[in-house]
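Student: Structure incoming, see below.
Readers should treat all values here as calculations from the given coordinates under stated rules, not as data from a laboratory. From a predicted model like this one, the values you see are computed outputs, not experimental measurements. For neighbour counting, all protein chains shown are included, and Cβ atoms are generated from backbone atoms with ideal geometry for every residue, glycine included.
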Amino acid sequence: MTSPLSPAAFDLTGTLSRRAQSMTASAIREILKVTQQPDVISFAGGLPAPELFPLDEVRAASQRVLDVYGPAALQYSTTEGHPPLREWIGAQAGIPARNVQIVTGSQQGLDLLGKVLIDEGDVVLVEAPTYLGALQSFQPYLPRYVQVPTDDGGIDVDALEEVLKTTRAKLLYAVPNFQNPTGRTLSAERRRRLVELTAQHGVLLIEDDPYGQLRFTGAAAPSLYSLGLELHGDADRNHVIYSSSFSKTLVPGLRDAWVQAAAPIIAKLIQAKQGADLHTPTFNQMIIAELVDSVLPRQIERVRQAYGERARLMLDRIHADFPAGVQSTTPEGGMFLWLTLPEGVDTQALLPRAVERKVAYVPGSPFFALGGGENTMRLSYSNATPEQITRGVRALGDTLRDALAG
Ligand code: PMP
């Protein structure tokens with residue numbers, strides 16, 4: 001006899017919120033599972049090079065933090081973040097510390113920004129392609145995505161102007177330096193226009209910049225945030241929100257990052273973060289604060305140098321080993337490059353054939369909010385040895401040659 005309260009009658013899936021139902025597994029994480037066989041050379045993950053992590057310096061800083069702060073290093077602390085760290089970040093950006101919110105990875109910053117800014121149906125403008133993790137963070141807040149075309153100079157600002165004539169958008173999300181996934185950089189000329197256009201149309205601009213410090217060639221362009229400051233003359237009126245992280249310059253595992261924004265937005269981020277995790281781990285923030293002056297500058301130099309060498313080698317090998325008709329971006333920094341194959345080649349379908357040849361990449365189409373890019377792929381060079389790059393690119397070249405031969 002079954003009771004009317006039989007557990008079998010309880011529809012657990014049906015209890016999920018619309019928000020939860022809108023979430024999907026990261027296409028990349030699913031793909032990475034396939035590629036994580038030990039003998040496969042993976043250009044798929046976007047991992048920093050672990051052999052460059054400043055292990056001894058982090059060990060020494062941890063000890064110093066415990067010696068100097070004692071139990072306070074292990075106590076709850078303020079939601080806004082460790083004051084010396086906020087001060088340091090504010091000083092770098094030329095803004096007051098109160099315009100800086102420490103977050104647990106910039107991924108949390110994106111989630112909190114989605115929470116405080118996006119109402120269901122709000123139009124969110126994104127680059128095509130864009131950072132998949134941002135789409136994942138914003139998706140539960142049920143935006144309507146509109147894609148803005150990009151080329152080798154980043155966002156096509158003429159196309160954006162056309163979009164803004166007919167679309168009332170809430171915000172634009174962009175990765176202007178060495179973008180994930182393409183490795184492209186927004187040109188200096190377009191930056192000012194992008195900041196002015198969004199300001200004129202009342203569109204918030206989120207500048208996600210975890211890679212900006214990792215330039216290995218060419219000249220740096222001003223941040224969108226600094227151009228916004230110039231335009232408005234005051235950090236509390238800036239419509240540009242800036243996000244960056246210590247993940248790519250120091251270590252990702254401490255999960256320390258920050259958001260710079262005007263006071264009304266920071267105030268809401270604090271409230272949203274209280275509901276999420278109260279604060280970013282006290283101890284981790286103190287360790288990072290110990291490292292920013294003494295270790296960070298030379299660490300950035302080391303990482304730049306290593307990624308520059310790896311990128312150059314990968315590009316050389318691509319030019320030598322790939323069949324005609326494959327185009328690559330030429331990154332000036334960061335961890336990624338982007339390949340475009342002739343129309344009709346499906347990189348998702350091709351992946352098992354590449355894995356058979358012991359090389360892996362990420363197919364490009366998950367990076368498009370509204371689909372497309374079936375003939376594209378992302379390669380990461382940051383976490384591969386020269387030997388792996390040489391062998392992996394050759395294997396990928398063979399895979400592509402087979403595919404193009406039909
Ligand atoms: N934004 C972009 C563009 C990224 O590539 C990443 C890392 N893959 C993040 C944000 C998240 O970085 P973190 O949470 O480690 O700071």
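Student: If you add up the charges near Arg193, with Lys and Arg at +1 and Asp and Glu at -1, over every other residue whose beta carbon is less than 12 angstrom from its beta carbon, what do you get?
Tutor: Combined, the nearby Lys, Arg, Asp and Glu give -2.
Student: Name the GluC sites (Glu not before Pro) in segment 282-383 that are in a loop by DSSP and that have at most 14 other C-beta atoms within 10 Å, would you?
Tutor: In loop regions of segment 282-383 (DSSP not H, G, I, E or B), the sparsely surrounded GluC sites (Glu not before Pro) are Glu343.
Student: Which of rounded, prolate, oblate describes segment 182-286, given a ≥ b ≥ c as roots of the alpha-carbon gyration tensor eigenvalues and a/c under 1.5 marking rounded, otherwise prolate only if a/b is larger than b/c?
Tutor: oblate
Student: Considering the convex hull of the alpha carbon atoms of the chain, report its projected area averaged over all viewing directions, in nm², one decimal.
Tutor: 24.4
Student: So, one more: Only Cα pairs within less than 10 Å get springs; with that Gaussian network setup on the chain, which residue of Gly114, Gly233, Gly333 has the largest fluctuation?
Tutor: Looking only at Gly114, Gly233, Gly333, the largest GNM fluctuation is found for Gly233.
Student: While we're here: Distance in nm between label sites at Thr217 and Arg18, each 7 Å beyond Cα in the beta-carbon direction?
Tutor: The two pseudo-label positions are separated by 4.9 nm.
Student: Something else: Sum up the lysine pairs in the chain that clear both bars: alpha-carbon distance under 28 Å and a spacing of 8 or more or different chains.
Tutor: For the chain, qualifying lysine pairs total 12.
Student: Tell me which residues come under 5 Å, amide H to amide H, from Tyr145 once H is placed; ignore anything under 5 positions away on its chain.
Tutor: Hits under the 5 Å cutoff: Val124.
Student: So how much slack lies between Glu196 and Asp11, counting 0.36 nm per residue of separation and subtracting their Cα-Cα distance, in nm?
Tutor: Result for the pair: 61.5 nm of gain on full extension.
Student: Now for a different question. Could you work out [θ]222 nm for the chain from helices alone, using -39500 (n - 2.57) per DSSP H run of at least four and dividing by all its residues? Round to the nearest 500 deg cm²/dmol.
Tutor: -13000 deg cm²/dmol
Student: Among the trypsin sites (Lys or Arg not before Pro) within segment 223-271, which fall in a DSSP loop and have no more than 11 other Cβ atoms within 10 Å of their own Cβ?
Tutor: Passing both the DSSP loop test and the Cβ count: no residue.
Student: Once each part is reduced to its C-alpha centroid, what is the distance from segment 366-396 to segment 96-120 in angstrom?
Tutor: That distance is 30 Å.
Student: About the Cα centre of the chain, what is the dipole size in debye to 20, counting +1 per Lys and Arg Cβ and -1 per Asp and Glu Cβ, all else neutral?
Tutor: 340
Student: Now, a different point. If you consider only alpha-carbon coordinates, what radius of gyration and Dmax does segment 232-326 have, in Å?
Tutor: Rg, Dmax (Cα atoms, Å): 19.3, 54.
Student: With r as the distance between the Cβ atoms of Glu51 and Glu87 and R0 = 35 Å, compute the FRET efficiency 1/(1 + (r/R0)^6) and round to 0.05.
Tutor: With R0 = 35 Å, the Cβ-Cβ based efficiency is 0.65.
Student: Apply the membrane-span-like helix rule to the chain: whole DSSP H runs, Cα extent along the own long axis of at least 18 Å, mean Kyte-Doolittle hydropathy at least 0.5. List the helices found.
Tutor: 263-276, 282-294
Student: With a Förster radius of 22 Å, plug the Cβ-Cβ distance of Ala263 and Tyr76 into 1/(1 + (r/R0)^6) and report the FRET value to the nearest 0.05.
Tutor: 0.35
Student: Another question, if that's okay. Once fully extended, how much extra length lies between Asp402 and Thr166, figured as 0.36 nm per residue of separation less the alpha-carbon to alpha-carbon distance?
Tutor: Difference between extended and current length: 80.5 nm.
Student: Moving to a separate point now. So how strong a dipole does segment 274-397 carry about its Cα centre when Lys and Arg Cβ are +1 and Asp and Glu Cβ are -1, to the nearest 20 debye?
Tutor: Value, rounded to 20: 400 debye.
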